[in-house]
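Below: the structure, in structure tokens.
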Amino acid sequence: MIDINQISILIVDDEEDIRDVLEIALKDIGYTVFLAENGEKALDLFKSEKPDIVITDIKMPVMDGIELLRRIKREKLETEVLMITGHGDMDLTISSLKNEAMDFITKPVNVDILEIAVGKAVEKIVARQKLAEYTEKLELLILEKSKLADHLSSLGLMIGTISHNIKGLLTNLDGGIYVAQSGLKSGNNKTVEEGIGLLEQAADRIKKMIMDILLYSKERKLDKTVVDTKIFIQQIKDIIKLKLKGTSIDFICNDSHSPPTLYFDREFIVAALINILDNAIDACKADAQNKEHEIRFEILKSSDQLVIHIKDNGCGMDSQTKEKIFDLFFSSKKTKGTGFGLYISNSIVKQHGGLIQVSSIKGKETEFKISLPDMA
Ligand SMILES: Nc1ncnc2c1ncn2[C@@H]1O[C@H](COP(=O)(O)OP(=O)(O)OP(=O)(O)O)[C@@H](O)[C@H]1O
Ligand SMILES: [Mg+2]
């Protein structure tokens with residue numbers, strides 16, 4: 001319920017006696033009261049004090065009650081205005097009604113009638129407040145419902161995509177087992193190795209997919225810590241070295257302009273960067289051109305930003321592909337990609353208050369620039 005003390009009333013009348021009577025009666029009930037002896041002063045007070053209710057005489061010098069009513073409604077439409085009318089003010093009364101006055105109190109003012117009229121105005125104000133609160137709650141509910149629907153539909157899409165990928169992976173596993181077994185049967189070690197290679201690839205993809213699903217479903221707060229840059233870069237190098245085994249792709253890390261320490265959620269940023277580096281490796285492998293492939297990795301400090309560059313000279317991508325790379329489940333790799341990677345990298349960088357920018361030339365190169373606010 002509303003507190004009467006919170007309701008303020010502006011009384012406007014050129015007769016001091018009437019102002020006094022109304023003031024005493026309304027203050028007694030607990031309302032906050034302001035007084036003005038003419039329309040102009042009333043308007044100034046209205047603008048500075050923003051009262052909820054205005055009680056005004058209809059006939060006044062300087063500015064009459066109707067003009068005041070009009071101006072108040074123009075300032076703040078929801079203000080409740082009560083008009084004090086004398087006998088024979090019929091025309092003015094009709095005019096007030098047309099200008100949305102709430103009620104009338106006839107002179108001489110009866111205090112009981114005044115209380116009832118003000119009480120009705122307060123009820124109207126309370127009802128309007130409640131309606132605004134309900135509307136706000138309803139809007140929140142509708143928003144939550146639509147978020148839930150979005151979540152459910154992306155969950156459905158996710159289950160569909162993952163099942164499809166797992167089916168593809170099972171085929172790869174079957175293929176690996178078949179090749180390894182036939183190598184064993186014929187005593188051909190090379191074929192066995194080939195089979196194991198296929199199995200390793202499939203195991204790698206399963207691992208990555210599970211990690212991505214875990215990251216996607218884990219909505220946790222960032223656990224930011226100060227990270228030693230050299231140790232961090234070494235961690236990235238170790239992970240990438242394993243991934244590049246058996247390829248001729250060069251991984252070049254430049255830490256000469258790196259700040260000594262970094263500050264972020266290490267687990268998340270490693271995951272975000274490895275997804276981007278995984279793509280760089282895939283792009284180099286997918287590039288049909290016979291050239292020396294390399295991936296460059298660099299961490300720089302630029303004013304209050306930490307900037308991480310990852311550049312590969314792999315297959316690149318066209319502008320249509322570039323538009324979609326951060327979309328969940330967008331992948332151009334058919335069964336070899338889920339389209340999780342960059343969606344997750346982007347979410348992690350955004351959660352840090354950062355940004356990923358991409359430039360690419362099809363058939364030539366791709367560069368990812370990850371900017372993070374630097375607070376180390
Ligand atoms: N360095 C890059 N060079 C060329 N294309 C890229 C590069 N990085 C991303 N892409 C494009 O962006 C798409 C989306 O990448 P994303 O990492 O989200 O999914 P994915 O690699 O296909 O699958 P996943 O990472 O889930 O295994 C890729 O399929 C590819 O078309
Ligand atoms: Mg990827």
Centroid-to-centroid separation of the range 7-28 and the range 227-255 [C-alpha atoms, Å]: 80
The range 220-373: radius of gyration and largest Cα-Cα distance (Dmax), Å: 15.0, 45
Positive-end extreme of charge dipole, the chain - chosen from Thr85, Gly175, Cys253 (charges on Cβ): Gly175
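State the volume of the convex hull built on the alpha-carbon positions of the range 4-109, expressed per residue in Å³ and rounded to an integer. Please list the in-between numbers first.
On the way: hull volume 9.0 nm³, N = 106.
Looking at the range 4-109, the number lands at 85 Å³ per residue.
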Distance violations [Cα-Cα > 21 Å] among Lys301/Lys364; Lys27/Lys50; Lys230/Lys350; Lys285/Lys311; Lys241/Lys324: Lys301/Lys364; Lys230/Lys350; Lys241/Lys324
Kirkwood Rh in Å, taken over all unlike Cα pairs in the chain: 27.3
Projected label distance in nm at Lys364 and Lys190, using a 7 Å step from Cα toward the beta-carbon: 4.0
Inter-site label distance for Val62 and Thr321 at 7 Å from Cα along Cβ, in nm: 7.6
Hypothetical label at Asp14: residues of the range 62-97 whose amide nitrogen lies under 11 Å (7 Å Cα-Cβ projection): 62-65
Radius 13 Å from Cβ of Leu242, net charge of other residues (Lys, Arg +1; Asp, Glu -1): +2
Folded to 0 to 90 degrees: helix 39-49 orientation relative to the chain principal axis, Cα: 30
³J(HN,Hα) computed for each position of the range 320-331 - Karplus, 6.51 cos²θ - 1.76 cosθ + 1.60, integer Hz, glycine/proline x: 5, 5, 4, 4, 9, 4, 8, 6, 5, 6, 7, 8
R0 of 25 Å, Cβ-Cβ distance Asn254-Ser302: FRET efficiency to nearest 0.05: 0.95
Degrees separating the helix 16-29 axis from the principal Cα axis of the chain, which is the longest one: 50
Charge dipole of the range 220-373 about the Cα centre (unit charges at C-beta), most positive-ward option of Asn275, Phe330, Leu262: Phe330
Under Karplus coefficients 6.51, -1.76 and 1.60, residue-wise ³J(HN,Hα) of the range 141-149 in Hz, glycine/proline x: 4, 5, 4, 4, 5, 6, 5, 4, 5
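So between Lys291 and Lys243, what do we pick up on full extension, going 0.36 nm a residue minus the alpha carbon distance?
Contour length minus the Cα-Cα distance gives 15.3 nm.
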Nearest 10 degrees, 0 to 90: helix 341-351 Cα axis against the chain principal axis: 40
Assigned charges on the beta-carbon of Lys, Arg, Asp, Glu; the chain dipole about Cα centre (debye): 3180
3J(HN,Hα) from dihedral phi, the range 117-134, Karplus parametrisation 6.51/-1.76/1.60, rounded to Hz, x for glycine, proline: 5, 5, x, 5, 5, 5, 4, 5, 5, 4, 4, 5, 4, 4, 4, 5, 5, 4
Built amide H within the under 5 Å cut-off of Leu306, gap 5+: Leu372, Asp374
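Using the crude model of +1 on Lys and Arg Cβ and -1 on Asp and Glu Cβ, and no other charge, please compute the dipole size for the range 4-109 relative to its Cα centre, in debye to 20. Could the numbers behind the result be given before it?
Numbers: 13 positive and 23 negative charges, 89 e Å.
Taking the Cα centre of the range 4-109 as origin, the dipole is about 420 debye.
Before anything else, pin down the relative contact order of the range 220-373: Cα pairs under 8 Å, at least 6 apart, normalised by residue count, whole percent.
24
When the helices in the chain are scored as -39500 (n - 2.57) per DSSP H run of 4 or longer and the sum is shared across all residues, what 222 nm value do you end up with, to the nearest 500 deg cm²/dmol?
Details: 10 runs with 203 residues, N = 376.
Dividing the helical sum by the residues of the chain leaves -18500 deg cm²/dmol.
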Rel. contact order, % - alpha carbon contacts under 8 angstrom, at least six apart, the range 4-109: 24
Options Ile72, Ile105, Leu35, ranked by Cα towards positive dipole end of the range 4-109, top entry (Cβ charges): Ile72
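Compute the FRET efficiency between Ile113 and Glu40 as 1/(1 + (r/R0)^6), taking r as their Cβ-Cβ distance and R0 = 25 Å, and round to the nearest 0.05.
Details: r = 28 Å, r/R0 = 1.12.
About 0.35, to the nearest 0.05.
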Check: the range 131-290 dipole with +1 on Lys, Arg Cβ and -1 on Asp, Glu Cβ, in debye: 420
FRET efficiency for Glu133 and Met211, using Cβ-Cβ distance with R0 set to 51 Å, rounded to 0.05: 0.70
Amide H partners (placed H, <5 Å) of Leu35, local residues excluded: Ile11
For Val227, distant residues with modelled amide H under 5 Å away: Leu262, Tyr263, Phe264
Relative contact order (%) - the chain, alpha-carbon pairs under 8 angstrom, separation at least six: 10
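Laboratory data are not the source of any read-out in this text; all were calculated from the coordinates shown. Because the structure is a prediction, the values reported are computed rather than measured. Positions of Cβ are generated from backbone atoms using ideal geometry, with glycine treated the same way; all protein chains shown enter the neighbour counts.
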